[in-house]
1. Relative contact order (percent) for segment 242-334, with alpha-carbon contacts under 8 angstrom and 6 or more residues of separation?
2. Give the relative contact order (percent, whole number) for the chain; include only Cα pairs under 8 Å separated by 6+ residues.
3. I want the local charge near PRO82. Using Cβ-Cβ distances under 15 Å, sum +1 for each Lys or Arg and -1 for each Asp or Glu among the other residues.
4. Rg to Rh for segment 47-157: what is it, with Cα atoms only and Rh by Kirkwood?
5. Taking K and R as +1 and D and E as -1, what net charge do the other residues with C-beta under 15 Å from the C-beta of GLY282 add up to?
6. If I histogram all Cα-Cα distances within segment 205-334 using bins 5 Å wide from 0, what percent of pairs lands in each bin?
7. Which residue, THR90, THR278, THR296, has the most motion in a Gaussian network model of the chain that connects Cα atoms within less than 10 Å?
8. Give the angle, between 0 and 90 degrees and rounded to the nearest 10, that separates the Cα long axis of helix 9-29 from the longest principal axis of the Cα atoms of the chain.
Amino acid sequence: MNRVRPLPLAAAIGLGAITPSFASFSSAADSPGNNVTAASDFRPPQVTALALGRASGGTPGFIKQGGGYFVYANVTADTGNPASGTAAVTATATNFTAAATAVPLVAGAYSAGGVSYTYRSAALTADATLAQGAKPFTVIATDKALNSASLAGSATVDNTAPAGADVQTANAGTNGLAEAGDSLTLIFGEPIEPGSILAGWAGAPTSVVVRINDNGLVGLPLGNDSVQIWNAANSTLLPLGTVDLGRSDYVAGLLGGNVRFGASGTSSTMSISGNALTIVLGTYNATPIIDPARTTAGGTGTATWALAATPYDRAENPMSTATATESGVADREF
C-alpha cells in the first residue's frame, strides 16, 4: 500500500505564495485598463492662415514681375495622440517663381500687413515676366508621421504704373478763400502704398502742413498759386507733387513766398481711403509783411496736379508723372 507523504513545509509555503501571484497577474492581463498599446498619429498640423507679401513690406497680396517677396503662414501644433510633431512647412509658389516648389518655411515671429505669422520663407524673387492678375499659391504642413494638410491662397501680379486721376477741393466756409476745414483731395487711379508717401504711415489721419505758394512778384501775377504738402514739422516736402490752383489770387504779396495751414494751432491732416488721399486744412498762419496774405479768388479756374514719381502702388510700381486735371466745370478752389 502506497502512502501519500505530506509535502515539506517549505514547499507548501512556496506553492501557496506562487498561486495567488499568478492568479493576480492573469487577472491584470485581462483588464483593459492595464493593456499597453501603441497609438498612431493620424492628425496633421493645420495651416490656418497664409499670405504672400513684398520683401520691402507694406500691404500683402500684391507683387510685380521681378519683385521680391516672402510667403507667410500660421500653423497649429500637431494634435495626434500622441503627437509626432511638425516635420516641415513648405510653400508652392510656382505661379510667381517657376522654381518655387516645396519652398521651406522657417518657424519664428513675423509680421505682414499688421498680421502676425509663425512661419516665413526666405526671400524669393518673382520671375522677370509674369502675366497680370490673381494667381494661387499653397502652403503644406507635414508632421513626423507623414500626415499633411494644406491651405491655398492667392496674390495679384500688378505690373502697371499708378497715375493721378483727379484733383478736387471742398469748401467749409467762404468759397474761394482757403481756410481751416477746407479740403484738398488727390485721387489716384488705384490704391497707393501709404508708406511710400510718409515712412511708417498706414493711411490713418496724420498731421501735415499745407503750403499755398504765391508765384507772383511785386504783386505781379507771374504764375498761378500752387499747393504743396509738407511733413508735420514743416521741414520736408512730401512726394505728392504740386497742385496748380488755376489762378494767381488765392494768396498775394510783394515778395512771393507762401502761407501755411497747420504749422501752428490746429494741424492740417492727411488720410487715405481707397484711391483717395484727402488733406484737411488746419489753422492759417502767415508772418505779416514777410509773407503774402491769403485772398478770396475773384473768379473760377481749373486745378492741375503735377505728380512726383516717388509714391508707388501696392505692388511697388512707381508713379507715373503725367499731369492730372480737375474734372467738372471751372470753379473756385476751396
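Every read-out reported here was derived from the displayed coordinates using simple, explicitly stated rules and does not represent laboratory data. All values reported here derive from a predicted model rather than from experimental measurement. Note that we place each Cβ from the backbone using ideal geometry, even for glycine, and neighbour counts take in every protein chain shown.
1. Working: 159 pairs, mean separation 28.3, N = 93.
It comes to 30 percent, rounded to a whole number.
2. Details: 884 pairs, mean separation 53.4, N = 334.
Taking the mean separation of contacting Cα pairs over the length of the chain, I get 16 percent.
3. Details: positive: ARG43, LYS144; negative: ASP41, ASP78, ASP143.
Here the charged neighbours net out to -1.
4. Numbers: Rg = 13.9 Å, Rh = 14.1 Å.
Using Cα coordinates only, the ratio equals 0.99.
5. Details: positive: ARG211, ARG260, ARG294; negative: GLU179, ASP182.
Value of the local net charge: +1.
6. 2, 11, 17, 22, 22, 16, 7, 3, 1, 0
7. THR296
8. Rounded to the nearest ten degrees, it is 30.
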